[in-house]
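I have placed the structure first, in the form of structure tokens, so that the comments after it can refer back to it.
The values are calculated or read from the model by the stated rules, or taken from the named source; none is laboratory data. Just so it is clear, the model here is predicted, and its values are computed rather than measured. Counting neighbours? That spans all protein chains shown, and the Cβs are built from the backbone with ideal geometry, glycine included. For accessibility, only protein heavy atoms count, side chains too; no ligands or nucleic acids. Shrake-Rupley method; radii C 1.70, N 1.55, O 1.52, S 1.80 Å.
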Amino acid sequence: MSSADIRDMLDLPSQVPAASRPPPAKRIKTDGKKLDGIHRELHNLLGENTPPVTVMQSKFKEKPNWMQKPSPWVWTKFKNPARGDDLELYHWVRGAPSNDEYPFAKFNKPVDVPTFSKEEYDKCLADTAWTSRETEYLFDLCREYDLRWLVVQDRYDYEPEENEPPSIRTLEDLKERYYFCCRKLMELRRDASGADWTPRDLELYNAMNFNKDKEIMRKQYLERLLSRSPAEIAEEERLILEYRRLQESSKKLVQDREELLRLLESPQTANTFAQYQSPQGLSQLAGNILASDKNRRRKGAPEAAAQGGQVARAVPGTPNGGAPPQAVTPQQAVQNGVHGTKQTPQPGRSAAAQAAATPAVSKAELAQSVTNKKVAKRVPPGQENLYGISYHDKLVQGVYLRSTKISTLKPTVQTKVASILAELGIAPKLAMPTAKVCDRYEALQQAINLLIETKKQVDKLDHEVKVSTSGNAVQESDA
Amino acid sequence: MANAPAPAVYGGDEISALVIDPGSSWTRAGFAGEDTPKVVVPTFYGKSGDRIYVGDNDLHSPRPGMEILSPMSDGCVSDWDMTVKIWDYALSKRLYTEAKEHPLLITEPSWNPAKDREKAVEVAFEELGVPAFYLAKEAVCSAFACGKPTALVVDVGSAVASVTPIIDGLVLKKATFHSEFAGDYINSHLSALFKSKNITLTPHFMIARKMPVEIGQPPQATLKTFDGLTESFLEFQRARILNEFKESTSGVLEQPYNEVIANIRPARPFEFPDGYNLNFGADRYVTTEPLFQPQAYPLPDSTVDANAQGITELITASVNACDVDARANLVNNIVLIGGTSLLQGFTERINIELNQAFPGMKIRIQAPGNSSERKYAGWIGGSILASLGTFHQMWIGKKEFEEVGPTVVEKRCK
């Protein structure tokens, strides 16, 4: 139902002129071409999509058209403008011979080697080690061999005149002379013309700055590199591998150390105490402690024990800050009281809590009395076993097997631990998992774990010592 | 009718040039643009009084008093009159073509002296009457045949083993070395070996009839008799047996010769033309060893020069004579060609020895797998060169030769 229909029913005038109404949906047109092997209905379903590509294979090669006129090829002569003379060679050309330039002539590209006059030579190119004739000979060779220096040096066979010293030129000598002359000529010509350097010229000028000593040194290095003996190459590869390994392990070491430091470092009080000096601040702090304590409990006892000190330290900080004793809120006092009772095995913590709690006034007495009651009910120490009593921080709901509570280690470590246990003749499954056995078992597992860790570290250090001593030995033998 | 390939891609422009590659034992000739030489004739001529014989048929016919001689020495042409006769025979009698109508490209070894080069131009223009001529370095052509402008060409042929460094299609002359320790030298070792085993080499043409015999049994063959055959002719015919032995039986150990290892390898039988046959074990390998260690394996009753170098030493010397910048590139582009390089195990041996000689460099040897590409690499490269559109500016024209004289070759053919 369209809006037009609703308008029609409600006798509303139609807003849209009839002309602008969307035209009725077009019928899908199918091209009249009939396709083989597809029903018309099926073909119509394809709509306006193009039909999938069908591979048409003609069975035979196309019959050659013998009657076709062969394309005309003419044996025709041509001149190559890249040549100095007018030698005429013949080749086959398709169609009528044209007078176009020979297509391969454009590849004849000589290298631009500067020339110099006698005056220019005398003015700036004179050199005691070189004569003008030899310089010219060098430039000619460079032109002839397109600055292929290896070839130039190979073909360099200058016959000095009688009064000239015999010339023995290395490749570097030739290059230095050539580039020196080129630079001087550029300078001279620029000075003569008075024009500024174009960026291209400047680039060229800088590129021709040839440092002979550096080049000789580079070649010496290269020669040494290429003439290494197989033993040296093997040694080098070994060192590279060792270096990679060390790098890897040092990265790991740094990571480990950082982690350790993070653990060792007590959480620092980044903020000042000032914010806790007001009653509101204190109550907020108490709330925070309560919340974090709850979290910790949930996480498990050992962690709580480790962090107990933190609370202990943080709390006495407040009275030191000069807050009046009354400032301890009842809430906090109750909380402290609970600490005191529940965590009696942790003297540091409970003492601190007590210290904080003692200043608390009458409102905290309720909590205090609860604690006292619990203490009174306690069986004298050493007799828990006798009565089969044990204390728990937290009891899990429901029934469970004690053996399932034995903590498991990482699978990799677990297998190692298991193998050591097997060595000791202890079955991986406890036959009689009493509380005591479970405790001892757990302690044993921890000890083994520690042992494995220590062994690993010792091995690592041992290896490093070995590597560094062998490295020293190699160095000594080299020296 | 296919369209002509685009010149930019293919770069070819056929001017129907002829290419001749004269080697120490075979001369190859054919049209540029083809992939194998159409004509391969022995580079030998027979001389009987005033008559000169060239071509397979005449050379191998037993004629009284006919001496078989070679116009080549040290890889270069030494007897030009006879060389022209052989070339002319190859072109007119075998290729059925006229040298006057086609530009001619001839290959030469890299150590060809200037005098011979000038002579080659003179011969081409004045005796063969070609319209254009070019003298290409054989090693450069071989590198082109393998598609490399920069390469270290190791060519172990019949008379000469050579090592030529090539940079951008130009030979480094000062670092080019060659020696005589190639195929013919192995032949002398083989004949010494057969002599020591009291095996007489009876050439094929002398056998009238033969009976199969067991291994090691004396031959039962009826021989034809000829009068007045010269020793050089018999030698030439015996060399064919030796070549056959080399091609079918000889090999190279992958490591320096060691009798124990050579004896472990399976022996191969060889039957001589007269039916006598024998299994060859370590002898297959010991005769090829002089290619690598000429001093350790001299011919009996003779000594080898103390400076003589095996093929690996030649390669090492050549590489070390080049500038240090070029070495890595050269060693990475070694082109191994020549008929003797087809010996079984030859490539592996060179590869192993070079890896020991240059432990710090990456060695790559390109040895065409096809035996005709190996034997005719120089010709194939010449064929490629002479059909390139960009090459046609390099030809020495007849007019140019008349104006400048034979010294034009030094300027043009670098």
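The share of accessible area on region B:156-256 that comes from carbon and sulfur is 51 percent, using a 1.4 angstrom probe. Around B:ASN112, what is the net charge, scoring Lys/Arg as +1 and Asp/Glu as -1 over all other residues with Cβ under 12 Å from its Cβ? Net local charge, B:ASN112 excluded: -1.
Which value results when the Cα radius of gyration for chain B is divided by 2.2 N^0.38 Å? Walk me through the intermediate numbers first.
Details: Rg = 22.4 Å, N = 414, 2.2 N^0.38 = 21.7 Å.
Relative to the 2.2 N^0.38 Å estimate, chain B comes out at 1.03.
Across region A:204-216, rounded Karplus estimates of 3J(HN,Hα) from the backbone phi angles (6.51 cos²θ - 1.76 cosθ + 1.60, θ = phi - 60°) give 4, 4, 5, 5, 8, 6, 9, 9, 5, 4, 5, 5, 5 Hz, Gly and Pro being marked x.
Using Cα centres only, tell me the gap between region B:3-76 and region A:154-197 in whole Å. Computed from Cα coordinates, the inter-centre distance equals 46 Å.
Mean per-residue shielding of peptide A:82-89 is 6, counting Cβ atoms of other chains within 10 Å of each Cβ. Heavy-atom surface analysis with a 1.4 Å probe gives region A:145-261 a carbon and sulfur content of 53 percent of its accessible area.
Provide a whole-number value for the mean count of partner chain Cβ atoms within 10 Å of the Cβ atoms in peptide B:225-236.
On the way: counts 0, 0, 0, 0, 0, 0, 0, 0, 0, 0, 0, 0.
Across B:225-236, the average partner-chain Cβ count within 10 Å equals 0.
Globularity index of region A:50-201 is 1.90 (Cα radius of gyration / 2.2 N^0.38 Å, N = number of residues).
In terms of packing, defined here as the mean over residues of other Cβ atoms within 10 angstrom, the peptides A:61-71, B:361-371, B:336-346 line up highest first as B:336-346, B:361-371, A:61-71. Take each residue of peptide B:320-327, count the partner chain Cβ atoms within 10 Å of its Cβ, and average: the result is 5. Histogrammed with a bin width of 5 Å, the alpha carbon distances of region B:297-414 distribute as 2, 8, 13, 14, 14, 15, 13, 10, 6, 4, 1, 0 percent, first bin at zero. As a rough guide to protection, the peptides B:103-115, B:242-254, A:126-138 ranked by mean Cβ packing within 10 Å, highest first, stand as B:103-115, B:242-254, A:126-138. Computed over chain B with a Gaussian network model linking Cα atoms closer than 10 Å, the most mobile of B:GLY360, B:GLY389, B:GLY23 is B:GLY360.
In order along region A:423-437, the Karplus-derived 3J(HN,Hα) couplings, from 6.51 cos²θ - 1.76 cosθ + 1.60 at θ = phi - 60°, round to 4, 7, x, 10, 5, x, 9, 6, 6, 10, x, 6, 4, 5, 4 Hz, and Gly and Pro are given as x. Residues considered: B:TYR96, B:TYR276, B:TYR376. Largest GNM mean-square fluctuation over chain B, using C-alpha springs under 10 Å, is found at B:TYR96.
In sequence order, region B:185-196 has phi-based couplings of 5, 5, 4, 5, 5, 5, 5, 5, 5, 5, 5, 5 Hz under the Karplus curve 6.51 cos²θ - 1.76 cosθ + 1.60, θ = phi - 60°, and Gly or Pro positions carry x. What translational diffusion coefficient, in µm²/s and rounded to a whole number, does the Stokes-Einstein relation yield for region B:206-331 at 20 °C and a viscosity of 1.002 mPa s, taking the hydrodynamic radius as the Kirkwood radius over Cα pairs? Result for D is 119 µm²/s.
The calculated Kirkwood hydrodynamic radius for region A:151-215 is 13.9 Å, given to one decimal from all distinct C-alpha pairs.
Could you do me a favour and compute the accessible area per residue for chain B, 1.4 Å probe, result in Å²?
Values: 17400 Å² over 414 residues.
With all protein chains present, chain B gives 42 Å² per residue.
The A and B chains share an interface that buries close to 3200 Å² of accessible area, total over both sides, probe 1.4 Å.
Of the accessible area of region B:43-87, computed with a 1.4 Å probe over protein heavy atoms only, carbon and sulfur atoms account for 44 percent.
Residues of region A:216-245 that lose at least 50 Å² of accessible area (1.4 Å probe, protein heavy atoms only) when the other protein chains are present, relative to their chain alone, are A:LEU226. Dipole check for region B:146-277: with +1 at the C-beta of Lys and Arg, -1 at the C-beta of Asp and Glu, and the Cα centre as origin, the magnitude is about 60 Debye.
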